Amino acid sequence: MSASVLFMSMSLDGFIADPADRLGGSDGNRLHHWLLTDDGEGFRSDEPAAGLLAEYTASGAIVAGRRTVEIVDHWGGDHHGMPIFVPSHRPPGPSVADMPLVTYVSDGIASAMAQAKAAAGDRDVLVHGGYTARRALEAGVLDELGILQIPVLLGRGRRLFDELPAEIELDIVRVVDTPEATHLRYRVRR
């Protein structure tokens, strides 16, 4: 059975983007150094980065917030061949018409997640975007959190869990500690 899994790099002080809303931090990639080669042009092939990337790309679908997909231009309409579901109350821009793997869902996060899980089959659904993750937690449709805790204090910016509707209990599934990041995986208690 597939699980919906948030996959997010985060600074030690809880930020997922800097004040200018650059997702990687002030240098554009600081929160992603654990995954990128030294020149920033490719992905690391050493462990555990390669294993985590393989886990990430083995997913079957994506649910991503509108802001996230617009920042990355919908990944050009193809994020490792996975269908992309975007919960949004507004229709997509005209460029999305040429992106058959991108589906805008207007009837809420639960519907977007159900459609993504159906498309993913027995593979996981990746969740991208802070707002989308919070709405999925609130709706009870986020199963796991994969947090890449980066050893940096950004000091300000956009926090991942600024506002939650209630306390949410988690169970630790896995912890992998590396010099670049601590990779944390939690299951949401139901």
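Worth a mention:
- Where strands (runs of 3 or more DSSP E) fall wholly inside region 76-132, no range has 2 or more residues that are among the basic types (Lys, Arg) and buried (at least 21 other Cβ atoms within 10 Å of the Cβ).
- Residue match in region 54-65 (condition: farther than 17 Å from residue 3 by Cα and in contact (Cβ under 8 Å) with a residue 60 or more places away in the chain): yes
- Filter pass, residue 121 being farther than 19 Å from residue 190 by Cβ and among the small types (Gly, Ala, Ser): yes
- Residue that is surrounded by the fewest Cβ atoms within 10 Å (Cβ to Cβ) [pool: residues in region 158-169 that are assigned to a loop (DSSP other than H, G, I, E, B) and of a type in the set (D, E, K, R)]: 167
- The set of residues in region 154-180 being within 18 Å of residue 14 (Cα to Cα) and touching a Lys or Arg at 6+ places or on another chain (Cβ under 6 Å) consists of 169 alone.
- Residues of region 135-157 satisfying the condition of being closer than 24 Å to residue 53 by Cβ and either out of contact with any strand residue (DSSP E or B) (no Cβ under 9 Å at 6 or more places or on another chain) or in a strand (DSSP E or B) (or both): 144, 145, 146, 147, 148, 149, 150
Coordinate-derived values only; no laboratory data. Quantities reported herein were computed from a predicted structural model and do not represent experimental measurements. Reconstructed Cβ throughout: ideal geometry from the backbone, glycine too, with neighbour counts over all protein chains shown.
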